[in-house]
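Have a look at the structure below before the remarks.
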Amino acid sequence: AMEYSIVMIASGEDTPGLNYIAPYAATSIGEYFMEKGKDVLVIYDDLTHHARSYRELSLLLRRPPAREAYPGDIFYIHSRLLERATHLKKEKGGGSLT
C-alpha cells in the first residue's frame, strides 16, 4: 500500500508552526489527487496537537484565550478543516476526499 500512499507526520516534538500547518498541507495534497480523479483518504491521528499549537501561536499573537485557554475560534478552525472532505461529480473528475 505504501507505493500509492503519502505519509505526512508532525509529531509533538515539532514546532507549533509545523504542527499547525500539517493538517492543512495534508488536506491540500489530498485535494490535488482528488481533482485528478483519485479517491483519497486523509487520516488526522490527533487534532489535539493541532489545537495546542494553535493555542500557542494565538497566545504569541496576543489573542485573548476563551474556554479552557483555547482561542474561541478553535472549533471553527477544526470544522472548516474537516468540511473540506467532498466527492466530485463525474463532470468535475469524479474524485473524492474522505
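For the range 61-84, residues that are in contact (Cβ under 8 Å) with a residue 12 or more places away in the chain and either farther than 26 Å from ILE43 by Cα or over 13 Å from the mean Cα position of the chain (by Cα) (or both) total 3. All conditions in (1) over 15 Å from HIS78 (Cβ atoms); (2) in contact (Cβ under 8 Å) with a residue 12 or more places away in the chain hold for ALA26, with the sole exception of (1).
Any chance you could count how many residues in the range 49-74 are over 17 Å from ALA25 (Cα atoms) and either assigned to a loop (DSSP other than H, G, I, E, B) or not basic (Lys, Arg) (or both)? Walk me through it before giving the result.
Filtering the range 49-74 down to residues over 17 Å from ALA25 (Cα atoms) leaves 52, 55-74.
Now restrict to residues that are either assigned to a loop (DSSP other than H, G, I, E, B) or not basic (Lys, Arg) (or both): 56-66, 68-74.
Adding up the residues that qualify gives 18.
Filtered by the rule that a residue be closer than 14 Å to MET8 by Cα and without any contact (Cβ under 8 Å) to a residue 60 or more places away in the chain, the range 29-39 gives a lone residue, ILE29.
Restricting the search to the range 1-14, which residues are of a type outside the set (A, V, I, L, M, F, W, C) and surrounded by 12 or more Cβ atoms within 10 Å (Cβ to Cβ)? Please lay out each step first, then the result.
Step one: of the range 1-14, the residues of a type outside the set (A, V, I, L, M, F, W, C) are 3-5, 11-14.
The answer is ASP14, and nothing else.
We did not get these values from a lab; they are worked out from the coordinates using the rules stated. Predicted model, so just to flag it, every value in this text is computed and none were measured. When we count neighbours, we look across all protein chains shown, and the Cβ atoms used for this are built from the backbone with ideal geometry, even at glycine.
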